[in-house]
Amino acid sequence: MPVKHRIRNSSAPAERQSGIIQGKAPHRLDNAHKVTRKWPYYRGALIWVSAMFLLFLALSTFIFGALEKDKNIIFLGITIFFVWIFMKLMFFFASKATTCPLCRANHYANSRSSKHKKAFKFFPFSYASTAVITAVFIRCVRCMHCGVTFDLTKKYR
Ligand SMILES: [Zn+2]
């Protein structure tokens with residue numbers, strides 16, 4: 001029986017722009033949809049921001065302890081680091097609730113799937129982290145998979 005070979009897509013894959021900013025920033029006037037539930041987005045953002053704060057605190061405590069050669073401060077830094085891992089785990093579960101109403105993927109979770117042409121990302125952050133940052137600062141999230149903007153402030157009519 002002949003083996004059916006996988007048909008390769010002849011068209012070139014979407015060219016990734018190189019640079020600090022990739023994609024297009026979400027904007028609420030850009031035909032924005034509303035999300036089914038807003039609270040999971042704010043809860044996820046809150047956990048993400050506190051996790052960032054804990055990581056910063058853990059690193060600075062650790063470095064301070066290393067400079068002072070104080071074992072207790074170094075252990076405190078390591079303890080805060082484990083709390084950070086716990087918060088990242090909490091964020092992982094919280095991100096499960098931020099489901100895209102259109103494509104059923106998570107807005108706050110990274111996956112290995114190919115991203116939409118307009119998926120927004122800026123340099124030190126991943127697609128999911130950028131979504132959290134835009135949710136905090138402009139209350140808009142662009143779905144990294146379907147490229148649709150979601151407005152967290154949009155009211156039900
Ligand atoms: Zn989507």
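Measure nothing fancy, just the Cα-based angle from helix 39-68's long axis to the longest principal axis of the chain, in degrees from 0 to 90, nearest 10.
40
Where does each of 143-150, 39-46 land if you order them by average Cβ count within 10 Å, highest first?
For the peptides 143-150, 39-46, the packing ranking is 143-150, 39-46.
If eta is 1.306 mPa s and T is 10 °C, what Stokes-Einstein diffusion coefficient results for the chain, Kirkwood Rh from Cα pairs, in µm²/s?
Values: Rh = 17.7 Å.
Rounded, D is 90 µm²/s.
What is the count of Lys pairs in the chain whose alpha carbons sit under 18 Å apart, if the two are 8 or more places apart or on different chains?
11
Antiparallel DSSP bridges in the chain: what percent, to the nearest 5?
Bridges in the chain that DSSP calls antiparallel: roughly 75 percent.
With Cβ to Cβ distances under 15 Å as the rule, what net charge do the other residues near Met90 carry (K, R +1; D, E -1)?
So the environment of Met90 carries a net charge of +3.
Based on the mean of other beta carbon atoms within 10 Å per residue, what is the order of 128-141, 77-90, most packed first?
Descending packing order for the listed peptides: 128-141, 77-90.
Values quoted throughout were computed directly from the atomic coordinates according to the rules given, and no laboratory measurement underlies them. All values derive from a computational prediction rather than experimental measurement. Cβ: placed from backbone, ideal geometry, glycine included. Neighbour counts: every protein chain shown.
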